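Notes for the one structure printed next.
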There are 4 protein chains.
Amino acid sequence: MDGDAPVIAPELQVSRWFNTTEPITLPSLRGRVVLLHAFQMLCPACVSHGLPQAQRVHRLFPREQVAVVGLHTVFEHHAAMGPDALAAFIHEYRWPFPIGVDLPAPQGGVPTTMGQLALRGTPSLVLLDREGAVRMHHFGAVDDLALGAVIGQLLAEPA
Amino acid sequence: MDGDAPVIAPELQVSRWFNTTEPITLPSLRGRVVLLHAFQMLCPACVSHGLPQAQRVHRLFPREQVAVVGLHTVFEHHAAMGPDALAAFIHEYRWPFPIGVDLPAPQGGVPTTMGQLALRGTPSLVLLDREGAVRMHHFGAVDDLALGAVIGQLLAEPA
Amino acid sequence: MDGDAPVIAPELQVSRWFNTTEPITLPSLRGRVVLLHAFQMLCPACVSHGLPQAQRVHRLFPREQVAVVGLHTVFEHHAAMGPDALAAFIHEYRWPFPIGVDLPAPQGGVPTTMGQLALRGTPSLVLLDREGAVRMHHFGAVDDLALGAVIGQLLAEPA
Amino acid sequence: MDGDAPVIAPELQVSRWFNTTEPITLPSLRGRVVLLHAFQMLCPACVSHGLPQAQRVHRLFPREQVAVVGLHTVFEHHAAMGPDALAAFIHEYRWPFPIGVDLPAPQGGVPTTMGQLALRGTPSLVLLDREGAVRMHHFGAVDDLALGAVIGQLLAEPA
């Protein structure tokens, strides 16, 4: 967590959802700590580290305390990572948390939410506090102990 | 290695090759021990175990002694695992050994070489001796020590 | 963290200290979160899991926020795990945090601090809040994410 | 395996055996491939890598084909690694293969068998072929694939 004044995260721009019957909006998650995990299905560090870590977070904390949301932020190999390929990937790996497809930008390249959150690549994780403010923003691997400590600190804040 | 009389492996039926300038034929590998690794790019155990193990074999043994060949045996989620998606997967993971796309069967389902080799699923590995005979045939994970021992025994046989 | 009213941890009873020039008392650590890691040098799970985890905690958090203290709670194989053997063990593994030898009980068996803390075996970890109260008490392995979350919550409490 | 002419290994000089009812002599193991694993109980790489690997070899291969023998080659911290401490270590870790205490040298320092085998430190492994000749001699970690390959090659040689 850095010293900047936290800003409320921009709304997720998602073209298709998986593992949820209703589209997810950030305001609907107010009151909970939110872990947004941005990944690409063909990104090796996402598959070996980021997604399994998001799954551990999803399993460890009560759902009403911590919400885990995956965001498929495709910025390369678009043809290989379309929504149907993602559906097969989610099915094979049995990722249990909601995953949204980040809305492609009109000109291609970095998709919409990824751009608005200023993510630098995948895997990235963004932690929101109970009020929806961005409190951690990380590109690359974070170890579990450090991630757990930040989640614990955010959980200790009043809703 | 079982007690059956070894049979010469049927020729690979490949519709497209990656990581090689020339199509690979089994007769061209005579004199070497051959590790065929059959995988699907969206098969979790292939990505976490089988392909990294094939890569370790590729790196450990001299090329003129042991040849590693990947075989993309797609039998499900065909639309998500076409040759272009495979190209992106190979690029992102930097698999260094030759990989062939197993020729799809006319009616879909199990592809041609996979059927001829009677593979039961992915990951599977098939070891050929210096004469091209099938000496090990395994579906699922094999640990490195056991795989190394069989390769070592095959290497000890005269060419 | 359970629902019982937290109690102030009893003082450490230590016959010899390593990795510190001064004996450590719990009151001297007030204001910090304290991780007490109880181990035996010949306990496999302590060596493979507990001590490396204590080391990660020691490295991750600022010293003035989190204090890690090892406690050698020998309750079996006393002759093999005396202070000189412990000194060799600490030297070889380069454990970087202070470690105290739990004062042997007059009749042997469970040593003094281990008894007062009601620890059931090794590895055990005990977390104290900034006021010295016991807030977590665990026998066996805890994963890093869960441990990090509790430390984070304790860090969020006012000193 | 190097290109030197292999030499018959010198006999083990052992002051005390564990996990065997009879002292083990190298001539009694003729006809089998032998893995000698030299370790110290307080050597971190022995505990995390070498001994578990020796255990995997012990479990994988039939006993009448491959014999695993541990050798406790204490050359430092002698007081902390005496035979009674070793007994506790073997008990706690449940090492399943025979382990001998290398006979201490009269003047201390490197023990007898370790000196005769010219081992440079721990962990070290020495592989003997079915005739008792030294075929591999390695200080430090060897990965399972490479070790398996050498064992496989030695197994392929006639008894």
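Any chance you could count how many residues in the range A:100-122 are β-branched (V, I, T) and in contact with a His (Cβ under 8 Å, 6 or more places away or on another chain)?
Residues flagged as β-branched (V, I, T) and in contact with a His (Cβ under 8 Å, 6 or more places away or on another chain) within the range A:100-122 amount to 1.
Given A:L86, A:L154, A:L147, A:L125, which one is within 14 Å of chain C (Cβ to nearest Cβ), surrounded by 17 or more Cβ atoms within 10 Å (Cβ to Cβ), touching a His at 6+ places or on another chain (Cβ under 8 Å) and not β-branched (V, I, T)?
A:L125
Just name the residue that is nearest to the other protein chains (Cβ to nearest Cβ) out of those in the range A:45-83 that are polar (S, T, N, Q) and under 30 Å from A:P158 (Cβ atoms).
Among residues in the range A:45-83 that are polar (S, T, N, Q) and under 30 Å from A:P158 (Cβ atoms), the one nearest to the other protein chains (Cβ to nearest Cβ) is A:Q53.
Would you point out the residue of the range C:1-15, among those that are more than 14 Å from the chain's Cα centre (by Cα) and not hydrophobic (A, V, I, L, M, F, W, C), that is surrounded by the most Cβ atoms within 10 Å (Cβ to Cβ)?
Among those that are more than 14 Å from the chain's Cα centre (by Cα) and not hydrophobic (A, V, I, L, M, F, W, C), it is C:P6.
Within the range B:1-20, can you find the residues that are in a loop (DSSP other than H, G, I, E, B) and either at pLDDT 95 or above or touching a Gly at 6+ places or on another chain (Cβ under 7 Å) (or both)?
Passing the criteria: B:A9, B:P10, B:E11, B:L12, B:Q13, B:N19, B:T20.
Regarding the range D:129-144, can at least one residue be identified that is farther than 30 Å from C:G82 by Cα, modelled with pLDDT of 95 or more, assigned to a helix (DSSP H, G or I) and within 14 Å of chain B (Cβ to nearest Cβ)?
Within the range D:129-144 (the criterion being farther than 30 Å from C:G82 by Cα, modelled with pLDDT of 95 or more, assigned to a helix (DSSP H, G or I) and within 14 Å of chain B (Cβ to nearest Cβ)), the answer is yes, since at least one residue qualifies.
Just give me the residues in the range C:89-99 being touching a His at 6+ places or on another chain (Cβ under 7 Å) and surrounded by 19 or more Cβ atoms within 10 Å (Cβ to Cβ), in sequence order.
Within the range C:89-99, C:F97, C:I99 meet the criteria.
Please pick out the residue among A:A80, A:A38, A:A67 that is under 30 Å from B:F75 (Cα atoms) and touching a strand residue (DSSP E or B) at 6+ places or on another chain (Cβ under 9 Å).
A:A38
List every residue pair whose Cβ atoms sit under 7 Å apart, with the two residues 6 or more apart in sequence or on different chains, where the first one lies in the range A:40-68 and is within 22 Å of A:G121 (Cβ to Cβ) and the second, anywhere, is assigned to a helix (DSSP H, G or I) and among the small types (G, A, S).
Going by the 7 Å Cβ cut-off, the qualifying pairs are A:M41/A:A85; A:L42/A:A80; A:L42/B:A88; A:V68/A:A54.
Every residue in the range D:16-50 that is under 15 Å from the mean Cα position of the chain (by Cα) and more than 16 Å from D:A67 (Cβ to Cβ), please.
D:R16, D:F39, D:Q40, D:M41, D:C43, D:A45, D:C46, D:V47, D:H49, D:G50
Over 16 Å from A:H37 (Cα atoms) and touching a helix residue (DSSP H, G or I) at 6+ places or on another chain (Cβ under 9 Å): which single residue out of A:A141, A:A156 fits that description?
Among A:A141, A:A156, only A:A156 is over 16 Å from A:H37 (Cα atoms) and touching a helix residue (DSSP H, G or I) at 6+ places or on another chain (Cβ under 9 Å).
Failed condition for B:L42, given (1) of a type outside the set (D, E); (2) within 11 Å of chain A (Cβ to nearest Cβ); (3) surrounded by fewer than 16 Cβ atoms within 10 Å (Cβ to Cβ), with all others met?
With respect to (1) of a type outside the set (D, E); (2) within 11 Å of chain A (Cβ to nearest Cβ); (3) surrounded by fewer than 16 Cβ atoms within 10 Å (Cβ to Cβ), B:L42 is out only on (3).
For the range C:100-117, name all the residues that are surrounded by fewer than 22 Cβ atoms within 10 Å (Cβ to Cβ), of a type outside the set (S, T, Y) and at pLDDT 95 or above.
Residues satisfying the conditions are C:L103, C:P104, C:V110, C:G115, C:Q116, C:L117.
Look at A:R120 and say whether it is charged (D, E, K, R) and closer than 21 Å to A:M41 by Cα.
Here the answer is yes, as A:R120 does meet what is asked.
The values are calculated or read from the model by the stated rules, or taken from the named source; none is laboratory data. Keep in mind it's a predicted model, so treat the numbers as computed, not measured. Neighbour counts are summed over all protein chains in view; Cβ atoms, including those assigned to glycine, are modelled from backbone coordinates with ideal geometry.
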